[in-house]
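Worksheet: the structure to be examined is printed underneath.
The values are calculated or read from the model by the stated rules, or taken from the named source; none is laboratory data. From a predicted model like this one, the values you see are computed outputs, not experimental measurements. As a convention, Cβ positions derive from the backbone with ideal geometry for all residues, glycine included, and neighbour counts pool all protein chains shown.
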Amino acid sequence: MIIRTGVDIVEIDRLDSVSPAIRRRFIQRVYTSAELAIIKDDNEALAGRFAAKEAVSKALGSGIGFVRWQDIEVLDGPYGEPVLNLYGNAVKIAERLGLDTWSVSISHSRQHAVAVAVAIGQ
């Protein structure tokens, strides 16, 4: 059995300190249209999903680069829980590592969003 983990923490108000044009480009580059339909322009939700994407990339051992931001998608399950979808190079790495089961958790304080990703495989 293989178990891999990743964790990330993000300051929620970081998106407030950038210009609106940079913020728009960042959001378009990082989030899928399905994610944006859920989170809209909510800083807490943006930070939480950003942390989750980072945590997943760390569990994959790749970081962001070879795996693109939109290769990792975090949607809502039926009870509001994070549901992970992998695409592109993220799928290739997960398959190569034998990772087929994922769990992602996201939490927030007033200042920070934190996410943990756990992957299991054979």
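Give Asp8, Asp13, Asp100 a once-over and let me know the one that is in a strand (DSSP E or B) and over 19 Å from Gly121 (Cβ atoms).
Checking each option against the conditions leaves just Asp8.
List every residue pair whose Cβ atoms lie under 6 Å apart, where the two residues are 6 or more positions apart in sequence or sit on different chains, the first residue falls within the stretch 70-94 and is at positive phi, and the second residue, located anywhere, is surrounded by 13 or more Cβ atoms within 10 Å (Cβ to Cβ) and not aromatic (Phe, Trp, Tyr).
Every condition considered, the pairs that remain are Gly88/Asp71.
State yes or no: is Asp42 under 18 Å from Arg4 (Cα atoms) and more than 14 Å from the chain's Cα centre (by Cα)?
It is false that Asp42 is under 18 Å from Arg4 (Cα atoms) and more than 14 Å from the chain's Cα centre (by Cα).
Quick check on the stretch 28-39. Is at least one of its residues aromatic (Phe, Trp, Tyr), touching a residue at least 24 places away in the same chain (Cβ under 8 Å), surrounded by 12 or more Cβ atoms within 10 Å (Cβ to Cβ) and assigned to a helix (DSSP H, G or I)?
So the first thing to find is which residues in the stretch 28-39 are aromatic (Phe, Trp, Tyr), and the list is 31.
Imposing the further condition that a residue be touching a residue at least 24 places away in the same chain (Cβ under 8 Å) reduces the set to 31.
Narrowing the set further to residues that are surrounded by 12 or more Cβ atoms within 10 Å (Cβ to Cβ) leaves 31.
Okay, now just the ones that are also assigned to a helix (DSSP H, G or I), so none.
No, that holds for no residue.
Being farther than 15 Å from Val104 by Cα, surrounded by 12 or more Cβ atoms within 10 Å (Cβ to Cβ), among the polar types (S, T, N, Q) and at pLDDT 95 or above: is that true of Thr5 here?
Answer is no for this residue.
In the stretch 93-106, how many residues are surrounded by 19 or more Cβ atoms within 10 Å (Cβ to Cβ) and either among the β-branched types (Val, Ile, Thr) or over 15 Å from Ala52 (Cα atoms) (or both)?
Of the residues in the stretch 93-106, 5 are surrounded by 19 or more Cβ atoms within 10 Å (Cβ to Cβ) and either among the β-branched types (Val, Ile, Thr) or over 15 Å from Ala52 (Cα atoms) (or both).
Yes or no: the stretch 71-92 includes at least one residue that is loosely packed, with under 12 Cβ neighbours inside 10 Å and touching a strand residue (DSSP E or B) at 6+ places or on another chain (Cβ under 9 Å).
yes
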